[in-house]
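A short worksheet on the structure shown next.
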Amino acid sequence: MDNPQEPSAQARTWAQIDHQLVSLKQEQAVKEIHEKHEQRRRACDKGNSGTDFAAVVKLYIEEASESAENLFQIYKEVWEKQGMPRTPDFLRSIMSPGLLPVIEARTRPSVEQLAVCLAGMQENPAKIAMSKHLRA
């Protein structure tokens, strides 16, 4: 019978990852991804005619996807540099504590941006009409 005090294989694997190296590699990559997407978000601002909120939300989702993919690649690279084999326990161990928080953090702004957009349109029906006219 397993000892409930003993950490799971995933927890042991997570503990073996060089998180300091992951953080160092991630820091620059996150900055580059954010800057690239920030430029694209500014391009969605249409001046007096408003912002293309659908495009902005899409950009946030793309940024979340790119950030998660990048972090996954960093974890794999660091793990392999440590001379460790890529196993199912490794993949499971990075999912919950590593990748899911990044996905949640990167998608939260898109949900908030959409909520602001919808609230603004409810307050200003003319904005809805303008939005439909601009897309046509």
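The values are calculated or read from the model by the stated rules, or taken from the named source; none is laboratory data. Just so it is clear, the structure is predicted and the values come from calculations on it, not from any experiment. Here the Cβ is made from the backbone with ideal geometry for all residues, glycine too, and neighbour counts use every protein chain on show.
Is one or more of the residues making up segment 22-37 over 22 Å from the mean Cα position of the chain (by Cα) and modelled with pLDDT of 85 or more? It would help to see each step written out before you state the result.
Looking only at segment 22-37, we keep the residues that are over 22 Å from the mean Cα position of the chain (by Cα), and these are none.
No: zero hits.
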Legend entry - Selection count, segment 81-95, where residues are within 20 Å of the chain's Cα centre (by Cα) and in contact (Cβ under 8 Å) with a residue 12 or more places away in the chain: 3
Legend entry - helices (runs of 4 or more DSSP H) within segment 49-136 that include 1 or more residues closer than 30 Å to Q16 by Cβ, of a type in the set (D, E, K, R) and modelled with pLDDT under 90: 53-81, 100-123
Legend entry - Within segment 1-15, tally of residues that are out of contact with any helix residue (DSSP H, G or I) (no Cβ under 8 Å at 6 or more places or on another chain) and at pLDDT below 90: 7
